[in-house]
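What follows is a short report on a single structure.
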Amino acid sequence: MHQNKDIDLHTGSEGPCLESLTYRSRDHLMTLLQSLCDQMQYDPGRILIHTGNPIENVKSKFKINRCDTAEGWFYGDYLSKINVDYDKKFTHHFGNFVSNSTYPRLLLASYLHKEHGDKTWQTYRRDPCNPGQAVDLDLDKLMFECADKDVLHQVAEFVKHLPIDLEPGLAEHPGVNTDIEGRGNGAMGHTILSWYNKFFCDIVNETFFTGQTFFPTEKTTRPLLCMNPFVVHGPKDFLARLRQLGFKTFSGFWSEEYDKLEGYARCKSIYEVINYISMQDVNKLYEEMKPILEHNRKTLLELDSNKYGSLLARY
């Protein structure tokens, strides 16, 4: 601005809701930018913000470029090259895999650990004895969003057991890349994909969960590819957006009313779904929903930039 140059801002390959971007619940990005423009008599129309959120609809004087950055995370030719074993032998009802911590991930993981620990195949790769990881557990946001003594006790007890790691030696931020033969590592590697034969339902904790956004990542890709049902903590209407892309979800088997909620309210609604699934014969249920799971895998492998870009065209 001082040099009177145009400004390009990039969210990298990520897709947050721009109106939700803050630091520690303060310093709202859009408000900060507008304030700087006002102070320096800078035309906000010279600021271009690139985002991977295909449904971004922020009302501002800035220019917004909605990009398709989901390829490589959520879809792509590489998925068809991954050799997936579909020989399901369920030993657990739930899978829940976390690397980076957020307050909803803490809530759901601690609830699963406390109420359904023997039915959950779980990782939570944050070490409270590592200062760099401890500071990013998101405990401050948790206390702000749900100052409930019972919740805090539940989370505190769960944190005592961290880190929970079923794949020693994995990088702190697992990659999702695969080579030309479809061999992956980290978040899309053979090890984690093999776990999907051990459990029935994936509890997906998506990266972004506030405001109007739709940014599916490898977290959603895994159950679609491995033919597992899923429950998603993400932004409001996340399941509805998946259905817009041609996927089918599971309202015929359990309530998906949680998709109309966000944040802590969404977590509490998901607790009820978890409790319901925990009482089911998952082998019988799996056979009943198999046509949906086969449809979802086929839809995933056929997804391309044109089909995904149809979301962009709606907004």
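The values are calculated or read from the model by the stated rules, or taken from the named source; none is laboratory data. The model shown is predicted, which means the values in this text are computed figures rather than measured ones. All Cβ positions, even for glycine, are placed from backbone atoms using ideal geometry, and neighbour counts span all protein chains on display. What goes into the accessible areas is simple: the full protein's heavy atoms, side chains included, and nothing from ligands, DNA or RNA. Shrake-Rupley method; radii C 1.70, N 1.55, O 1.52, S 1.80 Å.
Return the residues of the range 286-315 that are assigned to a helix (DSSP H, G or I) and farther than 14 Å from Cys226 by Cα; say none if nothing qualifies. Result: Glu287, Glu288, Glu302, Ser305, Asn306, Lys307, Tyr308, Gly309, Ser310, Leu311, Leu312, Ala313.
Residues that are touching a residue at least 40 places away in the same chain (Cβ under 8 Å), in a loop (DSSP other than H, G, I, E, B) and touching a helix residue (DSSP H, G or I) at 6+ places or on another chain (Cβ under 7 Å) within the range 201-227 comprise Phe209, Thr210, Gly211, Phe214, Met227, listed in sequence order.
Considering only residues in the range 1-30 that are in contact (Cβ under 8 Å) with a residue 60 or more places away in the chain, of a type outside the set (D, E, K, R) and in a loop (DSSP other than H, G, I, E, B), the one that is surrounded by the fewest Cβ atoms within 10 Å (Cβ to Cβ) turns out to be Ser25.
The residue pairs whose first member lies in the range 263-282 and is in contact (Cβ under 8 Å) with a residue 24 or more places away in the chain and on the phi > 0 side of the Ramachandran plot, whose second member is open to solvent by 10 Å² or more (accessible area, probe 1.4 Å) and assigned to a helix (DSSP H, G or I), and whose beta carbons are closer than 7 Å, counting only pairs six or more residues apart or on different chains, are Gly263/Glu145.
Taken together, the residues in the range 270-285 that are surrounded by 12 or more Cβ atoms within 10 Å (Cβ to Cβ) and outside any helix (DSSP H, G or I) amount to 1.
Going by the conditions given, is Leu33 under 30 Å from Glu145 (Cα atoms) and assigned to a helix (DSSP H, G or I)? Answer is yes for this residue.
Pull up the range 248-269, narrow it to residues that are within 19 Å of Asn296 (Cα to Cα), in a loop (DSSP other than H, G, I, E, B) and of a type in the set (D, E, K, R), then point me to the one that is most open to solvent (accessible area, probe 1.4 Å). Among those residues, the one meeting the criterion is Lys248.
Residues that are open to solvent by 40 Å² or more (accessible area, probe 1.4 Å) and either part of a helix (DSSP H, G or I) or not aromatic (Phe, Trp, Tyr) (or both) within the range 61-83 comprise Lys61, Lys63, Ile64, Asn65, Arg66, Asp68, Glu71, Asp77, Ser80, Lys81, Asn83, listed in sequence order.
Regarding Ser101, is this residue more than 19 Å from Ala187 (Cα to Cα), at pLDDT 95 or above and among the polar types (S, T, N, Q)? When the stated conditions are applied, Ser101 does not pass them. Does the range 33-50 include one or more residues that are under 24 Å from the mean Cα position of the chain (by Cα), more than 26 Å from Met227 (Cα to Cα) and modelled with pLDDT of 95 or more? There is at least one residue in the range 33-50 that is under 24 Å from the mean Cα position of the chain (by Cα), more than 26 Å from Met227 (Cα to Cα) and modelled with pLDDT of 95 or more.
Contact map, the range 101-130: residues that are without any contact (Cβ under 8 Å) to a residue 60 or more places away in the chain and hydrophobic (A, V, I, L, M, F, W, C) paired with residues that are part of a loop (DSSP other than H, G, I, E, B) and open to solvent by 30 Å² or more (accessible area, probe 1.4 Å), Cβ distance under 8 Å, separation 6+ or inter-chain. Pairs shown: Leu106/Asp138. Residues in the range 138-165 that are under 21 Å from the mean Cα position of the chain (by Cα), at pLDDT 90 or above and not in a helix (DSSP H, G or I): Asp138, Leu162, Pro163, Ile164, Asp165. Residues of the range 84-113 that are open to solvent by less than 40 Å² (accessible area, probe 1.4 Å), farther than 18 Å from Glu157 by Cα and of a type in the set (Ser, Thr, Tyr): Ser99 alone.
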